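Below is one structure; the comments refer to it alone.
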Amino acid sequence: MIGKSLFKYTLIDKGVNPPKGNNIVSPACGKIVDIIRISDKEKLKIKKGILGLIESTAKGITQNGYLISIFMRVYDNHINRCPIDGKVVSVKHSEGKFKIASSLRALENEKTETTLDTKIGKIKVIQIAGYLARRIETFIKPGQKIKKGQVFGLIKLGSQVTMILPSKVKIKVKKGQKVKAGLTVIGEFS
């Protein structure tokens, strides 16, 4: 467990200035491990159990959009940032397994799902604990307004952050690309 003084230190905003404009920034530092077009899931070779997890995770957000997963390696910065301005609709923590966080199987793990109401509609940011990460911290509450690039949480050690975005977002990243929280543009919208 991180001591209170060290924990507070990790939350000091080091002056991240997210790019301006109609874009969505990465909520985490790490590597893009999956970009899935949700409406095309029938064409994907995904095991049935994982397909059900994707469907239940996207429920209430979009039926035609994207699932983007970012694997946070042990040596990446583990502070999570808001990808877009919005209002927190819900924050839901679920117990689960602790599978390796570099694949879609991580959707079965312990996680915190945060739904945001934004100018492009509802999006979801999911903090997922990994095999080593056994602690998720989320610092925002329903009803709170948050800004793009603002710190909203922390996952301790290697883990994954997944986003569910509507189809109106034009994705600007590729699988395998390294991203920086609050700085790398994930997608653009008009």
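The values are calculated or read from the model by the stated rules, or taken from the named source; none is laboratory data. As the structure is a prediction and not an experimental result, all values here were calculated from the model. Note that we place each Cβ from the backbone using ideal geometry, even for glycine, and neighbour counts take in every protein chain shown.
Residues in the stretch 164-178 that are of a type outside the set (Ser, Thr, Tyr), in a loop (DSSP other than H, G, I, E, B) and modelled with pLDDT under 95: how many?
Summing the residues that are of a type outside the set (Ser, Thr, Tyr), in a loop (DSSP other than H, G, I, E, B) and modelled with pLDDT under 95 in the stretch 164-178 gives 1.
Those residues that are among the polar types (S, T, N, Q) and closer than 16 Å to GLN127 by Cα, I need them from the stretch 160-190; list them, please.
If the condition is that a residue be among the polar types (S, T, N, Q) and closer than 16 Å to GLN127 by Cα, then GLN160, THR162 are the ones that fit.
Criterion first (surrounded by fewer than 23 Cβ atoms within 10 Å (Cβ to Cβ) and at pLDDT below 95) does GLY158 satisfy it?
Considered against the rule, which asks whether it is surrounded by fewer than 23 Cβ atoms within 10 Å (Cβ to Cβ) and at pLDDT below 95, GLY158 comes out as yes.
Please go through the stretch 61-97 and pick out each residue that is farther than 18 Å from LYS156 by Cα, in a strand (DSSP E or B) and among the hydroxyl-bearing types (Ser, Thr, Tyr).
TYR66, SER90
Return the residue satisfying two criteria in turn: it lies in the stretch 127-148 and is buried (at least 17 other Cβ atoms within 10 Å of the Cβ) and closer than 17 Å to ASP76 by Cβ, and of such residues it is modelled with the highest pLDDT.
This residue is GLN127.
Looking only at the stretch 69-84, how many residues end up being buried (at least 23 other Cβ atoms within 10 Å of the Cβ) and of a type in the set (D, E, K, R)?
The total comes to 1.
Being under 18 Å from GLU113 (Cβ atoms) and at pLDDT 80 or above is the filter here; which residues of the stretch 58-70 pass it?
GLY65, TYR66, LEU67, ILE68, SER69, ILE70
Cβ-Cβ distance below 8 Å, separation of 6 or more or different chains: which pairs start in the stretch 17-32 with a residue that is over 16 Å from ILE120 (Cβ atoms) and touching a residue at least 60 places away in the same chain (Cβ under 8 Å) and end on one that is among the small types (Gly, Ala, Ser) and surrounded by fewer than 20 Cβ atoms within 10 Å (Cβ to Cβ)?
LYS31/GLY176; ILE32/GLY176
Return the pair list, or none, for Cβ contacts closer than 8 Å from residues in the stretch 166-180 that are within 15 Å of MET72 (Cβ to Cβ) to residues that are in a loop (DSSP other than H, G, I, E, B) and basic (Lys, Arg), at least 6 apart or on different chains.
Final answer for the pair search is none.
LYS14 fails exactly one of the following numbered conditions: (1) surrounded by fewer than 16 Cβ atoms within 10 Å (Cβ to Cβ); (2) of a type in the set (Lys, Arg); (3) modelled with pLDDT of 90 or more. What is the number of that condition?
Unmet condition: (3).
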